[in-house]
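S.K.: So that we are looking at the same thing, I have put the structure below in structure tokens.
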Amino acid sequence: MKKGISFYFGYKSNPKERAKAIKDAGFDCVITNADKRLSRQNGSIRQQMKWFKKYGLEVSSLHMQYTRKELPYFWLEGKKGEQLTKTLIKDVKTAHKYGFSCVVVHLDGQYSLIGENRLKKVLQYCEKYQVPLAIENIDNKDVFVKTFQHIDHPYLKFCYDSGHGNVFDKEYPYLSLYQDKLIALHLHDNDGKEDLHTLNEYGTINWQDIATHLKGKEIVLDYELLLRNQVPYTEKECLAIVKKQADALEQKIQKAKQTKKEKE
């Protein structure tokens, strides 16, 4: 299975050198963001793509551009909601241009017909450009569930965030209920109390359970970390640890596959 990591994972390093370090650590892919507000830490999306190509890194998911306070406006009348829609369509076009597997979306606020129609409009572009829209589980289960209840579209998919599941909806079976929609992963750990985006050694997630649910999926094991000053490791050491975590998860998945075959 291919393994990936978020291009920015908390270390304020030179982004070109970071791309090389990610490849040297053995990763195949990166997940990133096209938001110009992040250019100081990541470089522009065009620059990122040049570095990824130079060092032989593939791209998996592209995260939507947003700020948290803007998200509820997507479901309300007005210019702010319309602008979010335009930005999301732009992200879909960017994902198509550079070959990303999907655009990952956060949905927050209160579900409405206004937002539903906006999502359907975005999905028209997804179908045109053949770029799936992957809804991520965040801390608003209600709008997530209602989106899949009300919209049945082949390009509407699911991005499972392991850390969010462990903090916000530990008992809700996302991976069981939306298995057929799963297209992307944001893997990271936490203590079950805060969304830490940290390493497994500081978390409480049952990775065997996640492996069991992934045993039938061909999917990139993408890690979305934001370590900052949480850990006593250098950037290089952190990359080595995460790669080891990804390899261990793959082994668990393969073992779960074998166990299933033996039972059959």
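The values are calculated or read from the model by the stated rules, or taken from the named source; none is laboratory data. As the structure is a computational prediction, the values presented were derived from the model and not from experiment. Using ideal geometry, Cβ is built from the backbone for each residue, glycine included, and neighbour counts are taken over all protein chains shown.
Residue by residue, here is whether (1) modelled with pLDDT of 95 or more; (2) closer than 23 Å to Leu62 by Cα; (3) not in a strand (DSSP E or B) holds:
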| residue | (1), (2), (3) |
| --- | --- |
| Lys146 | yes, no, yes |
| Gln149 | yes, no, yes |
| His153 | yes, yes, yes |
| Tyr160 | yes, yes, no |
| Gly163 | yes, yes, yes |
| Asp191 | yes, no, yes |
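S.K.: Based on what the data block shows, is Glu224 among the acidic types (Asp, Glu), closer than 20 Å to Lys3 by Cα and at pLDDT below 95?
M.R.: Details: among the acidic types (Asp, Glu): yes; closer than 20 Å to Lys3 by Cα: yes; at pLDDT below 95: no.
It is false that Glu224 is among the acidic types (Asp, Glu), closer than 20 Å to Lys3 by Cα and at pLDDT below 95.
S.K.: Right, next: Please work out which one of (1) among the charged types (D, E, K, R); (2) buried (at least 18 other Cβ atoms within 10 Å of the Cβ); (3) closer than 22 Å to Leu185 by Cβ is the condition Arg118 fails and give its number.
M.R.: Result: Arg118 fails condition (3) only.
S.K.: Right, next: For segment 221-264, what are the residues that are in contact with a strand residue (DSSP E or B) (Cβ under 9 Å, 6 or more places away or on another chain) and part of a helix (DSSP H, G or I)? It would help to see each step written out before you state the result.
M.R.: At the first step, the residues of segment 221-264 found to be in contact with a strand residue (DSSP E or B) (Cβ under 9 Å, 6 or more places away or on another chain) are 221-227, 230-231, 239, 242-243, 245-247, 249-250, 253.
Passing the criteria: Leu239, Val242, Lys243, Gln245, Ala246, Asp247, Leu249, Glu250, Ile253.
S.K.: Further, regarding this structure: Among the numbered conditions (1) under 22 Å from Lys243 (Cα atoms); (2) assigned to a helix (DSSP H, G or I), tell me where Val167 comes up short.
M.R.: (1)
S.K.: Does segment 141-161 hold any residues that are closer than 19 Å to Ser101 by Cβ, surrounded by fewer than 23 Cβ atoms within 10 Å (Cβ to Cβ) and hydroxyl-bearing (Ser, Thr, Tyr), and which are they?
M.R.: Tyr155
S.K.: Further, regarding this structure: Does any residue in segment 38-52 that is in contact (Cβ under 8 Å) with a residue 24 or more places away in the chain and under 17 Å from Phe9 (Cβ atoms) come within less than 9 Å, Cβ to Cβ, of a residue that is of a type in the set (S, T, N, Q) and surrounded by fewer than 14 Cβ atoms within 10 Å (Cβ to Cβ) six or more places away or on a different chain, and which pairs are these?
M.R.: Pairs that qualify, where the first residue is in contact (Cβ under 8 Å) with a residue 24 or more places away in the chain and under 17 Å from Phe9 (Cβ atoms) and the partner is of a type in the set (S, T, N, Q) and surrounded by fewer than 14 Cβ atoms within 10 Å (Cβ to Cβ): there are none.
S.K.: Follow-up question, since we're still on this one. Give the residue that is surrounded by the most Cβ atoms within 10 Å (Cβ to Cβ), with candidates limited to residues of segment 166-194 that are in contact with a helix residue (DSSP H, G or I) (Cβ under 8 Å, 6 or more places away or on another chain) and touching a residue at least 40 places away in the same chain (Cβ under 8 Å).
M.R.: Step one: list which residues in segment 166-194 are in contact with a helix residue (DSSP H, G or I) (Cβ under 8 Å, 6 or more places away or on another chain), which gives 168-169, 172, 174-176, 178-179, 181-182, 185-194.
Still in the list and also touching a residue at least 40 places away in the same chain (Cβ under 8 Å): 186-187.
Working: His186: 24, Leu187: 26.
Ranking the candidates gives Leu187 first.
S.K.: Can you tell me how many residues in segment 218-256 are surrounded by fewer than 16 Cβ atoms within 10 Å (Cβ to Cβ) and either touching a Ser or Thr at 6+ places or on another chain (Cβ under 7 Å) or basic (Lys, Arg) (or both)?
M.R.: Total meeting the criteria: 5.
S.K.: If you take the residues of segment 195-216 that are part of a helix (DSSP H, G or I) and of a type in the set (Asp, Glu), which of them is surrounded by the fewest Cβ atoms within 10 Å (Cβ to Cβ)? Walk me through how you get there before you give the answer.
M.R.: Going residue by residue through segment 195-216, those that are part of a helix (DSSP H, G or I) are 200-202, 207-214.
Keeping just the survivors that are of a type in the set (Asp, Glu) gives 201, 209.
Numbers: Glu201: 9, Asp209: 12.
The extreme case among them is Glu201.
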